[in-house]
1. With a sphere of radius 12 Å drawn around the Cβ of VAL19, what net charge do the other residues whose Cβ falls strictly inside it have (Lys, Arg +1; Asp, Glu -1)?
2. Which of these, LYS133, LYS162, LYS36, has the largest mean-square fluctuation under a Gaussian network model of the chain (Cα springs below 10 Å)?
3. By the scheme Lys and Arg +1, Asp and Glu -1, what is the net charge of all other residues having a beta-carbon under 12 Å from that of GLY76?
4. List the trypsin sites (Lys or Arg not before Pro) within segment 181-218 that DSSP assigns to loop and that have no more than 13 neighbouring Cβ atoms inside 10 Å.
5. Anyone know which of VAL219, VAL74, VAL58 comes out most mobile in the 10 Å Cα GNM of the chain?
6. Pick the calculated Cα extents along the principal axes in Å for this structure from [x] 78, 43, 38; [y] 55, 47, 30; [z] 56, 41, 37?
7. Rounded if a/c is under 1.5, else prolate if a/b beats b/c, else oblate: with a ≥ b ≥ c from the C-alpha gyration tensor eigenvalues square-rooted, which is segment 118-197?
8. Shape of segment 18-123 from its Cα gyration tensor (a ≥ b ≥ c, root eigenvalues): rounded if a/c is under 1.5, otherwise prolate when a/b > b/c, or oblate?
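Since every read-out is calculated from the coordinates, none of them should be taken as a lab result. If you're wondering where the values come from, they're calculated on a predicted model, not measured in any experiment. Here the Cβ positions follow ideal geometry from the backbone for every residue, glycine too, while neighbour counts run over all protein chains shown.
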Amino acid sequence: MAFCISLMQARGQLSVEIVLDQQQFLKDESMPVKVKITNRSGQTLHFGKDADWLTFTVDSRDGSVVSKLRDAPVAGEFDLESATVVTRQVDVMPYFDFSQPGRYNIAATVKVRDWDQEISSKAAVVEVNRGSKIWQQQFGVPKKQGPPESRKYILQQATFLKEQTLYVRVTDEDENRTFRVFPAGRLLSFSRPEAQVDRDSKLHLLFQNGPHSFLYTVVKPDGDILLCQTYDFVSGQAVRLRQQEDGFIFVSGGVRRVQPDEGPVPPGTNEVKTSKS
C-alpha cells in the first residue's frame with residue numbers, strides 16, 4: 001500500500017505524456033513520437049545517464065503481440081529543473097514490428113533515477129496502413145566498382161479519414177529493404193499522378209492536390225527530397241511532365257506559385273526550362 005501511495009505521489013509531481021503530430025502512418029514511414037516530461041516536484045531531476053532511462057512499449061489493439069526489434073537510441077544526459085518541461089522525440093517505426101496493418105497502442109516509460117521509480121504515460125493510438133501500389137519503376141544507382149545497385153521507386157496511395165494521400169517509397173529491387181517512405185501530399189480522387197525517372201536516376205513526380213493546383217516533387221535515389229514546387233492550372237494549358245531529347249525533365253503548362261517555406265532551387269532542375277506550351 002505504501003508503495004502505491006508513493007507511486008501516485010510521484011506521478012502527481014512528474015508527468016509523462018505522448019504527443020503525436022499525426023496518428024495515421026504507412027508501413028515503414030517515419031513515426032516520430034514526442035515524449036513530454038513535466039517536472040512539478042520542487043527539485044531538479046537528472047535523466048539520461050542510463051541507456052534505458054526512456055523506453056517504449058507497443059501493443060496491438062486486436063491483442064496480438066508486437067515484437068520489439070531493438071532498443072530505440074535515447075542517449076544524452078540532461079537536468080530538468082522544477083516547473084519546467086522537456087520534450088524528446090524518437091522515431092519508433094524501426095524498433096518495433098509494425099508489419100501488420102491495424103491500430104496500435106504506444107506508451108512511454110521514464111526511469112527516475114533520483115527516486116528509484118518509473119513513471120509511464122497513457123497509451124496513444126496510431127494506425128498503420130499498407131497502402132495501394134499504383135506505380136513502380138526500377139532504376140540503377142552507380143557504384144565505384146561493379147554494376148549499378150538496383151533500386152525501385154514506388155508510388156502508393158492510402159486513405160485516412162476519407163482523404164487520400166500519395167506516398168513515395170524507395171526500396172531495393174526485391175522490396176525487402178525500404179530506404180525511405182514519405183507522404184508526397186494530398187491526392188484528389190480523380191488525379192492521375194505522372195512519374196518519370198531522369199538520366200541521373202531522380203524521380204520526377206507531378207500530381208493534382210487541389211481543384212486548380214499541382215505539386216511537383218523531385219526525389220533523389222536515396223529518398224531525399226531535392227525539390228518541391230506548386231503549379232496553378234491556367235485555362236487552356238494542361239499541366240504535365242515533359243522530357244527533352246537530352247533527358248531533361250520539366251513541367252509544361254501552368255503557372256508556378258512560390259510558397260513561403262520553399263527553399264532555393266538546386267542547379268539542374270526545371271527552374272529555367274519550364275515551358276508553357
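1. It works out to a net charge of +2.
2. So, out of LYS133, LYS162, LYS36, the one fluctuating most is LYS162.
3. Summing Lys and Arg as +1 and Asp and Glu as -1 gives -1.
4. Here the sparse-neighbourhood loop sites are ARG199.
5. Its mean-square fluctuation being the largest, the pick is VAL74.
6. After the calculation, the listed value that fits is [x].
7. Oblate.
8. prolate
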